[in-house]
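Peer 1: Starting off with a structure, shown below.
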Amino acid sequence: MQYFNLHTHQFTNDAEILELVNQYPQEFDSSISNYSIGIHPLFIDENRLESDFQILEQKISSPACLAIGECGLDKRSETAFEIQLKVLERQLLLAEKFQKPVVIHCVLAFQELVELKNRLKITTPIIIHGFSKKEQLAKQLLNNGFYLSFGKNLLRNPELEAVFVKTSNDRFFLETDMVEEGIREVYALAAKYKKISIEDLQQLISENVKTVFKK
C-alpha cells in the first residue's frame, strides 16, 4: 500500500491504493475487497431498518469489513433527529462490540455527536470524514478523541489549509469521497501543505492506518 483512501464510493482496484469503499446494506457488493458498511442518516428507512441491521451485523464480522460507516447525524435529513440518534447509537455499540473503527458523516450536529460518544464511552476510533469546519471545532473533536479525514474540501477550499496543517500528524486521514480527483492529487496537496515529501506523508498515514485499523 502506497496510498490509503479513507472514504470513497468508487472502487478503482488500483494495486497501489488501499481503498475503504463505502457500502450500504441494501446495495452490498461482495466483489469489493475492503469496505465500510453503515446506515447513512440521509437514507434511514424505518420500514427496513431491522433488515438493514441484520445485513450490517452479518457483514461486520468479515475481515474485508474494515470499518462501520458512513453513519452519523444530519439535521438536513427528513428522518427525525431522535431516530437518527438511536440508529447511530446502535451502530456505535456494534463498532464497540466488534472493535471496528467508525466513519462518520456529520452535519450541524457535532455537539450531539461528542455527547453521544462520551455517554456511550466508545473506545474504538471514530473518524469524521470530509472535515471542512473551523479550527475551534477541529480542536474540540481532536480533544475528544476523534480523527479527522480531509478530501474534497481540502482541494476546493484554500482556507482549510490552516486547519489541516494544525491537525496532529497522528490524527488525520485523506480521502476522495465522490470527487473526480484521485487520492494521489489529495496526497500531493496535503504534502505541500504539511511541507513534507509525499513519501513521508505516505509513511505518516501508514502508521495511522496501523493504529486505527488494527484488525
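The values are calculated or read from the model by the stated rules, or taken from the named source; none is laboratory data. On a predicted model such as this, the values are computed, not experimentally measured, just so you know. Because the Cβ atoms are built from the backbone with ideal geometry, glycine has one as well, and the counts that use them run over all protein chains shown. Accessible surface is based on the protein model in full, side chains and every heavy atom, while ligands, DNA and RNA are left aside. Shrake-Rupley method; radii C 1.70, N 1.55, O 1.52, S 1.80 Å.
Peer 1: Among the listed residues 40, 9, identify the single one that is touching a His at 6+ places or on another chain (Cβ under 9 Å), in contact (Cβ under 8 Å) with a residue 40 or more places away in the chain, closer than 29 Å to residue 181 by Cα and of a type outside the set (S, T, N, Q).
Peer 2: Working: 9 fails: touching a His at 6+ places or on another chain (Cβ under 9 Å).
That would be 40, the only listed residue that is touching a His at 6+ places or on another chain (Cβ under 9 Å), in contact (Cβ under 8 Å) with a residue 40 or more places away in the chain, closer than 29 Å to residue 181 by Cα and of a type outside the set (S, T, N, Q).
Peer 1: Just to be sure, is residue 5 of a type outside the set (Val, Ile, Thr), open to solvent by 50 Å² or more (accessible area, probe 1.4 Å) and outside any helix (DSSP H, G or I)? If you could, list the steps in order and put the result at the bottom.
Peer 2: Details: of a type outside the set (Val, Ile, Thr): yes; open to solvent by 50 Å² or more (accessible area, probe 1.4 Å): no; outside any helix (DSSP H, G or I): yes.
When the stated conditions are applied, residue 5 does not pass them.
Peer 1: Moving on to the next point. Report whether or not residue 24 is more than 21 Å from residue 186 (Cβ to Cβ), under 17 Å from the mean Cα position of the chain (by Cα) and of a type in the set (Phe, Trp, Tyr). Before the answer, list the steps.
Peer 2: On the way: more than 21 Å from residue 186 (Cβ to Cβ): yes; under 17 Å from the mean Cα position of the chain (by Cα): yes; of a type in the set (Phe, Trp, Tyr): yes.
The answer is yes for residue 24.
Peer 1: Follow-up question, since we're still on this one. Looking only at residues in the range 64-99 that are assigned to a loop (DSSP other than H, G, I, E, B) and over 17 Å from the mean Cα position of the chain (by Cα), which one is farthest from residue 124 (Cα to Cα)? Show your work before the answer.
Peer 2: Step one: of the range 64-99, the residues assigned to a loop (DSSP other than H, G, I, E, B) are 64, 75-80, 99.
Of the ones still in play, those that are also over 17 Å from the mean Cα position of the chain (by Cα) are 75-80.
Working: 75: 25, 76: 27, 77: 26, 78: 29, 79: 26, 80: 27 Å.
Of everything passing the filter in the range 64-99, 78 is farthest from residue 124 (Cα to Cα).
Peer 1: Taking interchain pairs and intrachain pairs at least six residues apart, which have beta carbon atoms under 6 angstrom, with the first residue in the range 78-97 and aliphatic (A, V, I, L, M) and the second in a loop (DSSP other than H, G, I, E, B)?
Peer 2: That search, which allows pairs on different chains as well, returns 87/39; 87/44; 92/122; 95/124.
Let's see how each residue does on (1) part of a loop (DSSP other than H, G, I, E, B); (2) open to solvent by 50 Å² or more (accessible area, probe 1.4 Å):
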site	(1), (2)
154	no, no
158	yes, yes
165	no, yes
169	yes, yes
187	no, no
191	no, no
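Peer 1: Looking at the range 14-21, is at least one residue in a loop (DSSP other than H, G, I, E, B) and under 16 Å from the mean Cα position of the chain (by Cα)?
Peer 2: Quick first cut of the range 14-21, residues in a loop (DSSP other than H, G, I, E, B) only: 14-16.
Okay, now just the ones that are also under 16 Å from the mean Cα position of the chain (by Cα), so none.
Checked against the condition, which is being in a loop (DSSP other than H, G, I, E, B) and under 16 Å from the mean Cα position of the chain (by Cα), the range 14-21 yields no hits at all.
Peer 1: Mind listing whichever residues of the range 193-215 are in contact (Cβ under 8 Å) with a residue 24 or more places away in the chain and either over 17 Å from residue 19 (Cα atoms) or in a helix (DSSP H, G or I) (or both)?
Peer 2: Of the range 193-215, the ones in contact (Cβ under 8 Å) with a residue 24 or more places away in the chain are 193-194, 202, 204-209, 211-215.
Scanning the range 193-215 gives 193, 194, 202, 204, 205, 206, 207, 208, 209, 211, 212.
Peer 1: Given the residues 166, 133, 152, which is the only one that is touching a residue at least 24 places away in the same chain (Cβ under 8 Å) and within 17 Å of residue 201 (Cα to Cα)? Walk me through it before giving the result.
Peer 2: Numbers: 133 fails: within 17 Å of residue 201 (Cα to Cα); 152 fails: within 17 Å of residue 201 (Cα to Cα).
Sole residue among the options that is touching a residue at least 24 places away in the same chain (Cβ under 8 Å) and within 17 Å of residue 201 (Cα to Cα): 166.
Quick grid of which residues meet (1) charged (D, E, K, R); (2) crowded, with 17+ Cβ neighbours inside 10 Å:
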| residue | (1), (2) |
| --- | --- |
| 21 | no, yes |
| 28 | no, no |
| 42 | no, no |
| 45 | yes, no |
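Peer 1: Looking at (1) closer than 26 Å to residue 2 by Cβ; (2) open to solvent by 10 Å² or more (accessible area, probe 1.4 Å); (3) of a type outside the set (D, E, K, R), can you tell me which one residue 205 breaks?
Peer 2: Here residue 205 clears every test but (2).
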